[in-house]
1. Which of (1) open to solvent by 10 Å² or more (accessible area, probe 1.4 Å); (2) closer than 13 Å to M131 by Cβ does I23 not meet, given it meets every other one?
2. Please go through the stretch 242-251 and give me each residue that is open to solvent by 60 Å² or more (accessible area, probe 1.4 Å) and part of a loop (DSSP other than H, G, I, E, B), ordered by number.
3. Do you know which residues across the stretch 34-51 are more than 13 Å from T171 (Cα to Cα), open to solvent by 20 Å² or more (accessible area, probe 1.4 Å) and in a helix (DSSP H, G or I)?
4. With modelled with pLDDT of 95 or more, buried (at least 20 other Cβ atoms within 10 Å of the Cβ) and not hydrophobic (A, V, I, L, M, F, W, C) as the only criterion, which of S135, S151 stands out?
5. Considering only residues of the stretch 283-306 that are charged (D, E, K, R) and exposed (fewer than 14 other Cβ atoms within 10 Å of the Cβ), which is farthest from Y237 (Cα to Cα)?
6. Within the stretch 187-218, can you find the residues that are of a type outside the set (D, E), modelled with pLDDT of 95 or more and open to solvent by 10 Å² or more (accessible area, probe 1.4 Å)?
7. May I ask you to verify whether T265 is of a type in the set (S, T, N, Q) and buried (at least 20 other Cβ atoms within 10 Å of the Cβ)?
8. Filter the stretch 168-185 for residues that are within 14 Å of E7 (Cα to Cα) and either surrounded by fewer than 24 Cβ atoms within 10 Å (Cβ to Cβ) or in contact with a Pro (Cβ under 7 Å, 6 or more places away or on another chain) (or both); which is modelled with the lowest pLDDT?
Amino acid sequence: MGVKLTEILPSHELEFDDLKGKIIVIDGFLVLYQFLTSIRQQDGTPLLDSKGRVTSHLQGLFARTTNMMQKGIKLAFVFDGQAPILKKKIQEARSKIKKEAMKNFEEAEQEQNIELMKKYAGRTARLTPEMVEESKNLLAALGIPWVQAPSEGEAQAAAIVSNGDAYAVGTQDADALLFGAPCLIKNLTISEKKKTPNKLSFISIKPTKIVLAEVLASLEVTQDQLIAMGMLVGTDYNPGGIKGIGAKKALKLVKEHISLANLFTSVSWEKHFDFSWKEVFDTIKNIPITNEYSLKWKNHDQQEIIKILCVEHDFSQERIITALQKINNGGQQGLERWA
């Protein structure tokens, strides 16, 4: 969802060593989509193999997971199932936006306008069922478990942590907290630096932990009020939220109103959305999850990884083997004692 609340949430900066041996659950759809939009060529087009098939998601997935494995972090992935009714409406609207972006990209391509191509390219990214399937196969070959969620992957990840089967959800967003994740970790990236917006400089970034119990205590709100705050600033089920309301104002408003009904009446919810606030609240509060899952880590299968990446998609076999050798030296092999 990308709920914009993190600016007011208490957090703790960590070192990667603090996460060694810890189980972190990742929303597969979210990270694959991030790879598709960010790992691109100079003109904005995605990475392709010799048959013209997109490989940006595989490049990102292999690099990110092997890097985390080298650091001794145990990853598990979850994948989205059936989207909630409200989200389907949003997906239809986003599909129209993608079509328009593709039209603009093709026009820019005909004119060889590289800047415009880069501008529109990321907006055209599509995660296909085939991409998801080959990503699952790659994870299995790496010895990393994945779980099929009945609905939202982030909600399933939150449930796995709530059940005590993982340490945290790995995400950049606060939406996992709305789903009840006891702990989330931000900044699980390969690079420990990121570019400063609109500048040429870079800033150092480190993993950051946010604990739900500390959030509720610090903000002096309940879990239901936290969900309401997310709805005010905007979720995947009501994008954009209520105009003019940011994280700080959302916090102020939930404390001023005894009931959620009064809260959403006060901000004229019905003028902003053609569905009730209860529909969004119930979607988040009662999202379907499953407890029928198994998290088991195995040694990676080098031959299968080479088949998927090198034989099927033209990756450099030398680079793949080099990365896998680094895992052998203290990575996934050494993690077996935590399984």
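1. Going through (1) open to solvent by 10 Å² or more (accessible area, probe 1.4 Å); (2) closer than 13 Å to M131 by Cβ one by one, I23 breaks only (2).
2. K243, G244
3. T37, S38 - these are the residues of the stretch 34-51 that are more than 13 Å from T171 (Cα to Cα), open to solvent by 20 Å² or more (accessible area, probe 1.4 Å) and in a helix (DSSP H, G or I).
4. Result of the check over S135, S151: S135.
5. Result: K296.
6. Of everything in the stretch 187-218, those that are of a type outside the set (D, E), modelled with pLDDT of 95 or more and open to solvent by 10 Å² or more (accessible area, probe 1.4 Å) turn out to be T208, K209, V211, L212, A213, L216, A217, S218.
7. When the stated conditions are applied, T265 does not pass them.
8. Looking at residues that are within 14 Å of E7 (Cα to Cα) and either surrounded by fewer than 24 Cβ atoms within 10 Å (Cβ to Cβ) or in contact with a Pro (Cβ under 7 Å, 6 or more places away or on another chain) (or both), I get D173.
The values are calculated or read from the model by the stated rules, or taken from the named source; none is laboratory data. Everything numeric here is computed off the predicted structure, so don't read it as measured data. Note that we place each Cβ from the backbone using ideal geometry, even for glycine, and neighbour counts take in every protein chain shown. Quick note on the areas: whole protein, heavy atoms, side chains included, nothing else; ligands and nucleic acids left out. Shrake-Rupley method; radii C 1.70, N 1.55, O 1.52, S 1.80 Å.
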